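Working notes for the structure below.
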DNA sequence: GTTCTCACA
DNA sequence: TGTGAGAA
């Protein structure tokens, strides 16, 4: 199933199409790119070209925003996912203990809860 | 007709 | 985040 994933990563959508698909303004889409939440490619004319994965990511971002999570929070969430992905290999060599799992879940709930605010990036660190 | 960057009554 | 200007 690698073929499918490759197609979803093909940047073929202009910003206008993405706007209709995500119901986001061009301003917002460009801003999210500026924040590093998405990395659309550029064509010869310097126009942004998005992939289906980008669209999914934008819809996901929209949901997080709806849930009251701000940019800083979303960034942190993706940062965590990245860490998780990088850590996955290590986990394969040394599976997580029940204690590790409990600690991770605990941290997760604490963080998500702390991010659910319209305030700045001053969430509690335990 | 679209999209890009930059700036702000 | 919206919006308008000026260019591509």
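Bear in mind that the values in this text are calculations on the coordinates, not laboratory data. None of these values were measured; they are calculated from a predicted model. Glycine also receives a Cβ, built like all others from the backbone with ideal geometry; neighbour counts cover every protein chain displayed.
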Matching residues, region A:47-76, being within 11 Å of DNA strand C (Cβ to nearest atom) and within 12 Å of residue A:15 (Cβ to Cβ): A:47, A:58
Out of (1) within 14 Å of DNA strand B (Cβ to nearest atom); (2) part of a helix (DSSP H, G or I), the one residue A:77 does not meet is (1)
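Being outside any helix (DSSP H, G or I) and in contact (Cβ under 8 Å) with a residue 24 or more places away in the chain is the requirement here; does residue A:68 meet it?
Details: outside any helix (DSSP H, G or I): yes; in contact (Cβ under 8 Å) with a residue 24 or more places away in the chain: yes.
For residue A:68, the condition - outside any helix (DSSP H, G or I) and in contact (Cβ under 8 Å) with a residue 24 or more places away in the chain - is met.
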Would you confirm whether any residue within region A:17-34 is touching a strand residue (DSSP E or B) at 6+ places or on another chain (Cβ under 8 Å), within 13 Å of DNA strand C (Cβ to nearest atom) and either outside any helix (DSSP H, G or I) or under 23 Å from residue A:110 (Cβ atoms) (or both)? no
